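Please read the structure below before turning to the comments.
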Amino acid sequence: MASPTDSKWSAYAGQEVQGGTSTTPYNQPTIDFGDPMSATILANLPAINGLLPRVSSVIIHDSMVYEGSVMRIFNRRDDPYGVATEHAIFSTGATNKLNNGMCVPRGNVQMNSQITASNLAWNVPINIYDREINGAILSETEIQAYVAQKMRTMQKTINELQFTAAKTMLSDCVPGSRTISSYTASDGTGSAVTMTSTPDGYAGKVNLDTDFTIPEITRGAMPALAASGGYSDVMDAVLVYLQTLEAAASDMRYPGSDYNLLGTDTFSGDRPWLIMETKVINQFDNAIANNTTSNGYGYSGFPTKTAREYISRFADLIEIDAFAALPAYDSTTYPTSTDYTGDRLTAVLLDKDAPWLITKFNNMEGQRCAGERMYGYSARGEQDMAIFKGVNSFVMINDA
């Protein structure tokens, strides 16, 4: 059955074909409504009346540069010297003990440290030829827009690199190994390169729940949550999930050494970051809104609290599209590690002093090439992206 729009459009469609309103001196419209413009159509534009039937202007649309919200969590500093950084923290308070009567008080405190090094770099070249921005063809406004938006593509690539690296690093929360097939250029050209890494994990504490299934995120679909085992339904699992996060955030507010891998007696002086996937939180909200089960709440429709509102009680939420897969189980390098095959990371609760992004250099160079009549630009940079293990962290891992 035709939609009301189809019925209305049928009255006008006959005039919106090539030459539907005028066949002289040239066709109006130029192409049928809905048809794509093609090189053949362009070549067949009538030459009568000079330059009138031509491409009259060029609209340069914005090069969309994504500023991933997860990049907010990183503490930043510039450090142009060397390639490595040592993060150090005293493990406990000074010892309280019996006065031994010595004239000079003596006491010592152990210091724990972690060394990180440059692990992220980019080399993004681009060129602009004189004939790309020919003033005889493009207006001054078009030339300015063309150059500005082409230059923005360099930052677009750098931002995507950093955003993807950050999500991968957050997913390196447990020990294991990664093997990723790639190339020497980000567009898939160049030589094949295999990146192999053995992350040793940063999570001070891991909560593994294989009875609450949260599938991997895919574009164009919502993850189908499922609960089994001791849960009565998905709503019950969502409540326990959020309450577990809140309990961990409560623990992190008070001194202890069980939420960090360096064994530092510490606490989180500020609300921690909570990094979760947008679609997972959406499904949590949907589960809460449709709660008609007998778990003690018993309402249906819009809830008095959404998952996001509940999270705001104890953490600062950062939403991402999807975590990377967990590192593969590697018993050779980490014989005592847990096998998380079939599971995936779904939430990271992180002290705000944990993520660091230390820039070694970040600059742009430009040079004129007379032989090719063009300007070449080179954006290069190097950074140390790391998560400090001497402060609190907690992750949720679920069946995928």
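Quick one: N123 ticks every box in (1) out of contact with any Gly (no Cβ under 6 Å at 6 or more places or on another chain); (2) surrounded by 12 or more Cβ atoms within 10 Å (Cβ to Cβ) except a single one, so which number is it?
(2)
Across the stretch 221-243, which residue is surrounded by the most Cβ atoms within 10 Å (Cβ to Cβ) among those that are closer than 25 Å to D321 by Cβ and out of contact with any Phe, Trp or Tyr (no Cβ under 9 Å at 6 or more places or on another chain)?
Once the filter is applied, the top-ranked residue is P223.
Against the condition surrounded by 11 or more Cβ atoms within 10 Å (Cβ to Cβ) and closer than 26 Å to F163 by Cβ, how does S69 come out, does it pass?
Yes; evaluated as a whole, the condition is true for this residue.
If you scan the stretch 160-198, which residues turn out to be within 14 Å of the chain's Cα centre (by Cα) and of a type in the set (F, W, Y)?
F163
Can you name every residue in the stretch 274-296 that is in contact with a helix residue (DSSP H, G or I) (Cβ under 7 Å, 6 or more places away or on another chain) and either modelled with pLDDT of 95 or more or outside the structural domain of G230 (by TED's automatic domain parsing) (or both)?
L274, I275, I281
Check T218 against each of (1) surrounded by fewer than 16 Cβ atoms within 10 Å (Cβ to Cβ); (2) touching a residue at least 60 places away in the same chain (Cβ under 8 Å); (3) not in a helix (DSSP H, G or I) and name the one condition it does not meet.
Single failed check for T218: (2).
Restricting attention to the stretch 359-400, which residues are of a type in the set (D, E, K, R), surrounded by 14 or more Cβ atoms within 10 Å (Cβ to Cβ), touching a Ser or Thr at 6+ places or on another chain (Cβ under 8 Å) and farther than 30 Å from E246 by Cβ?
Initially, the stretch 359-400 is screened for residues of a type in the set (D, E, K, R), giving 360, 365, 368, 372-373, 380, 382, 384, 389, 399.
Narrowing the set further to residues that are surrounded by 14 or more Cβ atoms within 10 Å (Cβ to Cβ) leaves 360, 380, 382, 384, 389, 399.
Subset that is touching a Ser or Thr at 6+ places or on another chain (Cβ under 8 Å): 360, 382, 384, 399.
Of everything in the stretch 359-400, those that are of a type in the set (D, E, K, R), surrounded by 14 or more Cβ atoms within 10 Å (Cβ to Cβ), touching a Ser or Thr at 6+ places or on another chain (Cβ under 8 Å) and farther than 30 Å from E246 by Cβ turn out to be K360, E382, D384.
The values are calculated or read from the model by the stated rules, or taken from the named source; none is laboratory data. Every value quoted in this text rests on a predicted model; they were computed, and no experiment measured them. Cβ coordinates were reconstructed from backbone atoms using ideal geometry, including for glycine residues, and neighbour counts include every protein chain displayed.
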